[in-house]
Structure formats: structure tokens, C-alpha cells
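Remarks on the structure that follows.
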Amino acid sequence: MADSLTLSRAPSGRILGLFGLLVAADLLVWAAVPGLGFVVLIALIALAAQVWWGRFVWQAWVVLGLSLIPALEVMQLLSFSFALLGLAAFCAIQVCGGWADTRAVVAATLRMPFWGNVQTMADIANGARGRKDIGQSARRSLDGLRDWIVPGALGAVFVLLFAAANPLIDGWLAALVPADWPALPDAARIIFWVIVAMFVWPMLRLTALADRLQRPLRDRPMHQTNMLTEGSVLRSLVTFNAIFAVQTLLDLAFLSGGVGLPEGISYAEYAHRGAYPLLVTALLAGGFALLAQPWLAGRPLLKWLLLAWVAQNVILVISSILRLDLYVDVYGLTRLRFAAFIWMALVAMGLALMIWQVWRGWAVGWLIGQSAALAVLALYVSSLINVDGYIARHNLAQTGIKSDPWYICQLSEGALPAIRLQEVKTGQRFCHSREPFLSTPADWREWGYRNARLRHKLSEIEGLSL
């Protein structure tokens, strides 16, 4: 058993494993719309990494499984990024032996892409070494050949890239191949293999990467900056609290107090003019609050002024959300406005976390870590939401909104059920020049859960229209 395990971890075993994963990538992903096949490929890469690492860590599989759920839902840039991030986290948790030390796991995850590429290039450069059963002359020849591995490999990649971009170079390369030779893969397919190989190889070399990924973290407390003094921080917080109090009272009066706006200013205009500038104001305020924190130690007055000001910023962001909601009620929902709602909620929660952090006297690193986790969670949940479908349903259902057919018809296939229901309701075609297109998977590799749900929903709507 020990001998077989040693053999499987030998360089030749890793090369065979890499070759097997390249074949799997070609069969599962190449020439297919990314879908279930991509998820299976990521799982196979993780399994190979597990085999060559040699120790099973169940937490790594939990994180990987969660990261692949968005890709099962629908393949898009966000779900693709979560899958790759999940694979990096999978390797980091394996190396760290679990997720008990969260900071170490996050650091190892972020280090994985850089040190993985460094390890790959080092292995390519040292590929001619390691054979002890050859003569001195043969070893000298291999050492000389090793100097050409990197320039030769990268040079070939560059030539293939230029061939894909330049038909003249592609023609020259085609002329070099004899007519009776079997057909060779096209340049794009070879580039795909190279990219997959460069991505996969570090996953098979976790034992070599472990020390670099596990380097201890150094705490770097924030220091007082030369831009600020105790006096400037005090005067700034007093001034800012007074200015923000005026804005807060105006918003409370106009948005929730029932006070009428001046003549010539509508609620929609009031909401639209204030939503985004107030958000920028809150972000700038949060940055200043971070810079001011090193001055709080032993100064209770500064601490209370900062807490009051950050609390006003939370109210300011909530006001921005209410303004945007008023504007959406009049002019409808768009992708940008949907994203703005999420971004504003994140800023409000980040400021609330800052209040808790300052109150407890914790380090700024805690605040940054929690805020980053909130952002990742928000992106993760967003990747599972059919945003375009929600936008179409919202705009078509609101009686006070004059629906913009052009905008709704420019949305993705997620809006199709809402469009079809509107057509059944009115008995008229909604999209005239263009409408979203819902694809049908060619085979199981292209399957996606959202696509399947949309096709099922459209079948139900067609049954209603009969």
C-alpha cells in the first residue's frame, strides 16, 4: 500500500493525473456551453488535489460544494468566479488542516494564485532535473535543454495566440504542416489545454506549496497619520456631526415626517438627486472614520463623537435607500438600481459594524474581515437570484410605472416568463424588434438549474394561453 501511494505521488504520477484532467476538461467543457460539465470538472480537479495531498479534510469539501451551487444555478461571470475561488479555498483548507484559523485560510486562499503560478514555472524550469540514473554527458545535455523549456513553451504559446489573432501567421503555420499529416487541433483548443494545465498543476503540488501558503500573518495596527492631530480630529468630528445633523433632520422631515417639499421640487427629483451623492458621502465618511481611530485611545470624547457621526452616516445611507425606493416607484427598476440597493445595504451594515468595533475597542482588521465577508455573502446570494426576472416582474406589475418595453426586452432570458405572462394578460405581443432568447441544452454538460426552471415555467405559461 505504501509503495503504491509513493508511486502515485511521483512526478510521473502527477503528469499522468494532469493529462487525465486535460482529457476531462476537453470532454466536459470544450465546444460546449458551460454548465454542469464545468461543475463536474471542478469537482474532478478537487478530487485529484485531494489524492496528491493525501489527507482528507471534510471542511474543504463543504466550502467547495457551497462555491459550486451558483454554477449549478446558472453559469455567469459571478458563479464562475465563485467556483474558482472555492477551488482555491479548497486547497487552502487542505493545507491549513481545517478552517479553525479563518485568517490563515483566507490568507492561503489569496496566496494560492500567485504562488501556484510561481510553483508551475519553477517545475517547468526544473523539469529536466531529478534523473539520477543517467550519465554525466546526458545530464549536461538535459541541463542545456532545460534552459530552453521556458522560452520554448511560452514562445509556442505566443505563436499560437498570434496565429489565432492573425490569419497571415495562421496561414504560415498551416503551410509548415505536410498535407498527409493527420488533422491537428486548432490554435484555440491548444491554448485552452495550456490554460487548463497552468491552472490545474498547482492543485497537484500542494505539498510543495504548503510552506508558502501557511506563512504566519503579521498584525499591522493602524498608526496615527501626519495629516491628522488630536485637535484636527476633534474639530472635524464636531463640524461633521453638525453638518450631518442638518441633512438628517431634513430627510426625516421630508421622507418620513410628511412635510411638503418646496414648490417646483417633486419627490422623485428629491430622491434621485440625493441617492447616489449621499452614498458617496457615507463612503468618504467611513474612510475618515478609519483614519481617525488611532486617535481614540484614552480620549472618550473623541470616541463618542465618532460613534455619533458614524451613526448619522448609517441614517444617511438608510435615507439614500428610501430615496432610491421613491425613485424606483416612479421610474421603475433597472439593473443599476438593483445593484445600488445591495451596495447601499452593504455600506449601512459596514458602518454598523464599525460602530460595534469602535464600541468594543477591537482592531481595524476585525472590521475589514467582517466587511469583506459581508461583501462575499452579498455577491453569493446575488448570484442565486434571477435579477432580470425580478426587474421585469416588478416593472410590469407596478401600475404607477409606465413600462419601458425596450428595456425589458433587452434583458436576459430570466425576463421571459414575465414577458409571456404579460402577453397572456393583454393578448398582445410585448417585444416587437427583439426579445430574450432561452437556449435549450445540447446535452447534459450544458444543463443549468435556472435554465431548466425557466423552460418549465414557459411550458406552464404556454398551457395557460391555449
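Listing for the model above:
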{"read-out": "Any pair with Cβ under 9 angstrom, 6 or more apart, that starts in the range 360-374 at a residue that is under 22 Å from Trp343 (Cβ atoms) and open to solvent by less than 50 Å² (accessible area, probe 1.4 Å) and ends at one that is not β-branched (Val, Ile, Thr) and not in a helix (DSSP H, G or I)", "value": "Val364/Pro221; Val364/Met222"}
{"read-out": "Long-range neighbours under 8 Å by Cβ, at least six apart or interchain, first residue part of a helix (DSSP H, G or I) within the range 448-466, second at pLDDT below 95 and among the hydroxyl-bearing types (Ser, Thr, Tyr)", "value": "Asn451/Ser439; Arg455/Thr440"}
{"read-out": "Among residues of the range 297-317, those that are farther than 11 Å from Ala352 by Cα, open to solvent by 20 Å² or more (accessible area, probe 1.4 Å) and either among the aliphatic types (A, V, I, L, M) or touching a strand residue (DSSP E or B) at 6+ places or on another chain (Cβ under 8 Å) (or both), counted", "value": "4"}
{"read-out": "Residue check, Ala60 free of Cβ contacts under 8 Å to residues at least 40 places away in the same chain and either under 16 Å from the mean Cα position of the chain (by Cα) or open to solvent by less than 50 Å² (accessible area, probe 1.4 Å) (or both)", "value": "yes"}
{"read-out": "Odd one out for Gly332 among (1) surrounded by fewer than 19 Cβ atoms within 10 Å (Cβ to Cβ); (2) small (Gly, Ala, Ser); (3) at positive phi", "value": "(1)"}
{"read-out": "Of residues in the range 428-466 being acidic (Asp, Glu) and open to solvent by less than 70 Å² (accessible area, probe 1.4 Å), the one farthest from Ser79 (Cα to Cα)", "value": "Glu435"}
{"read-out": "Search result, residues across the range 402-438 that are outside any helix (DSSP H, G or I) and in contact with a Cys (Cβ under 6 Å, 6 or more places away or on another chain)", "value": "Cys431, Arg434, Glu435"}
{"read-out": "Residue within the range 404-427 that is of a type outside the set (A, V, I, L, M, F, W, C), in contact (Cβ under 8 Å) with a residue 24 or more places away in the chain and open to solvent by 70 Å² or more (accessible area, probe 1.4 Å) present", "value": "yes"}
{"read-out": "Unmet requirement for Thr399, which otherwise passes all of (1) part of a helix (DSSP H, G or I); (2) open to solvent by 50 Å² or more (accessible area, probe 1.4 Å); (3) farther than 28 Å from Ser67 by Cβ", "value": "(1)"}
{"read-out": "Test for Leu336: is it over 30 Å from Leu301 (Cβ atoms) and assigned to a loop (DSSP other than H, G, I, E, B)", "value": "no"}
{"read-out": "Residue that is more than 22 Å from Tyr390 (Cβ to Cβ) and in contact with a Leu (Cβ under 9 Å, 6 or more places away or on another chain), where the choices are Leu326, Leu307, Leu316", "value": "Leu316"}
{"read-out": "Search result, residues across the range 93-117 that are open to solvent by 20 Å² or more (accessible area, probe 1.4 Å) and not in a helix (DSSP H, G or I)", "value": "Gly97, Trp99, Ala100, Asp101"}
{"read-out": "Selection count where residues are closer than 20 Å to Met203 by Cα, surrounded by fewer than 17 Cβ atoms within 10 Å (Cβ to Cβ) and hydrophobic (A, V, I, L, M, F, W, C), scope the range 72-84", "value": "2"}
{"read-out": "Residue that is at pLDDT 95 or above, under 25 Å from the mean Cα position of the chain (by Cα) and surrounded by fewer than 21 Cβ atoms within 10 Å (Cβ to Cβ), where the choices are Ile69, Ile45", "value": "Ile69"}
{"read-out": "Count of the range 30-42 residues which are open to solvent by 30 Å² or more (accessible area, probe 1.4 Å) and either polar (S, T, N, Q) or outside any helix (DSSP H, G or I) (or both)", "value": "4"}
{"read-out": "Pairs where the first residue, in the range 234-258, is within 24 Å of Asp325 (Cα to Cα) and the second is modelled with pLDDT under 75, C-beta under 7 Å, 6+ apart", "value": "Ala253/Val259; Phe254/Leu261; Phe254/Tyr270"}
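The values are calculated or read from the model by the stated rules, or taken from the named source; none is laboratory data. The structure displayed is predicted, hence computed values, not measured ones. No Cβ is skipped: glycine too gets one built from the backbone with ideal geometry, and neighbour counts run over all protein chains shown. Keep in mind that these areas ignore ligands, DNA and RNA; they rest on the heavy atoms of the full protein, side chains included. Shrake-Rupley method; radii C 1.70, N 1.55, O 1.52, S 1.80 Å.
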